[in-house]
Amino acid sequence: MTTRPVHGGNLAWAARLASCSPDDILDFSASISPLGPPASVLDAIQGNLMRLVRYPDPSYRQLCEVIANYHHLSPDWVLPGNGAAELLTWAGREFSLGAGCYAIAPGFADYARALASFGQTLTPLPVALSPVPDSPQQLTARLVAAVRSAIAAPDWGLLLNNPHNPSGGLLPVEAMLPELARFSLVVVDEAFMDFLPPAQQQSLIDRVEQCPNLVILRSLTKAYSIPGLRLGYAIAHPDRLRRWQQWRDPWPVNALAAAAAAAALQDIAFQQQTWDWLAVATPRLFRQLSQIPELQPLPGCANFLLVACDRAVPDLQRALLRRHRLYIRDCLSFPALGDRYFRVAVRTAADNQRLVTALATQLGEHSDQSA
């Protein structure tokens, strides 16, 4: 077998394992909305093709203005990037200037990568996910307890993601505010926050102007189904963003991505469609997975579910690929989880039913063989 991927969405790897075309695989491994790209984004890309003949504006002023307007900020507080991952790299460089950095474990593997790029390491804050939390409130309480276990010291940083990946738990604003006073730098990755309607979001964006040590990272690729365009943005104090701009290459965001982002953030109808879909789809998939005796999904709030499994997930992953051409995300890249968890994206009702049926079949066969 070729090297196991660190991230979800590696359809080339999955297709080799399944001996089929990548187009034949239904991908649950990458937490991307199944609803998009919206027509407004596709129209913006088509309408801006001739921009490919010239360099983008290196300041991305127009895009910054759209993002700033969306969040009720000044454009100087916004920095677009080549996906949130690129901006995470510069957050890693910032953390490397300090004494250390905490992050919840399990956590997104790219955090360790970003810090290691500049000689810094993460100090994990373990969150108890076993036994599986039985309510969103219990999951939140465990995440908050993990954050509060950090021992603050001079020049230390804190890296959070909210909603938390991979559990899907949500950290409330009131639980995060005290941390802004305890750490010299707090970076909050809000890559999945767009999936929550405004009344449910727990964003710290409206605190950035009062907290120069706070950085918010956002992704536009997941909610709008444009991961191939690579687009995200940071919100932070202008002095910090000017420093990041000096560190990186010029023109990190291509012209088509910039046009797509501006269209996406102004597509209010599509945003409402996303919220309406997820409000039904996530709890329904949670109930369906809970009815399979071998599985225990966690009560997350995002467009993915972390699932505890009573058998080795790599074997299950292979069987689903080879027999059903379904791709689930193993959690081996989250060292704190091991091989008894997997993560699945929430997709359409038909797609989710196909997944649930295949899981029940595979796990049922395994139980019968073990009896």
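The values are calculated or read from the model by the stated rules, or taken from the named source; none is laboratory data. Note that this is a predicted model, so its numbers are computed, not measured. Positions of Cβ are generated from backbone atoms using ideal geometry, with glycine treated the same way; all protein chains shown enter the neighbour counts.
What tally of residues in the stretch 132-141 results from selecting those that are closer than 22 Å to residue 333 by Cβ and either surrounded by fewer than 20 Cβ atoms within 10 Å (Cβ to Cβ) or in contact with an Asp or Glu (Cβ under 9 Å, 6 or more places away or on another chain) (or both)?
1
Applying the criterion of being of a type in the set (Phe, Trp, Tyr) and farther than 19 Å from residue 270 by Cα to the residues of the stretch 223-249, the residue that is nearest to the chain's Cα centre (by Cα) is 233.
Count of the stretch 53-104 residues, restricted to those that are farther than 27 Å from residue 202 by Cβ and in contact with a Cys (Cβ under 8 Å, 6 or more places away or on another chain), is 0.
Of everything in the stretch 139-151 that is more than 21 Å from the chain's Cα centre (by Cα) and part of a helix (DSSP H, G or I), the residue that is farthest from residue 234 (Cα to Cα) is 145. Within the option set 242, 230, 218, being modelled with pLDDT under 95 and basic (Lys, Arg) holds for one residue only, 230.
Tell me, please, whether a residue that is over 19 Å from the mean Cα position of the chain (by Cα), crowded, with 22+ Cβ neighbours inside 10 Å and not in a helix (DSSP H, G or I) can be found in the stretch 329-347. No. For the residues 177, 158, 115, 125, the requirement of being among the hydrophobic types (A, V, I, L, M, F, W, C) and out of contact with any Phe, Trp or Tyr (no Cβ under 6 Å at 6 or more places or on another chain) singles out 177.
Out of all the residues in the stretch 201-220, which are more than 17 Å from the chain's Cα centre (by Cα) and not β-branched (Val, Ile, Thr)? Selection gives 206, 207, 209, 210, 211, 212, 213, 214.
All of (1) part of a loop (DSSP other than H, G, I, E, B); (2) surrounded by fewer than 19 Cβ atoms within 10 Å (Cβ to Cβ) hold for residue 283 with one exception: (1).
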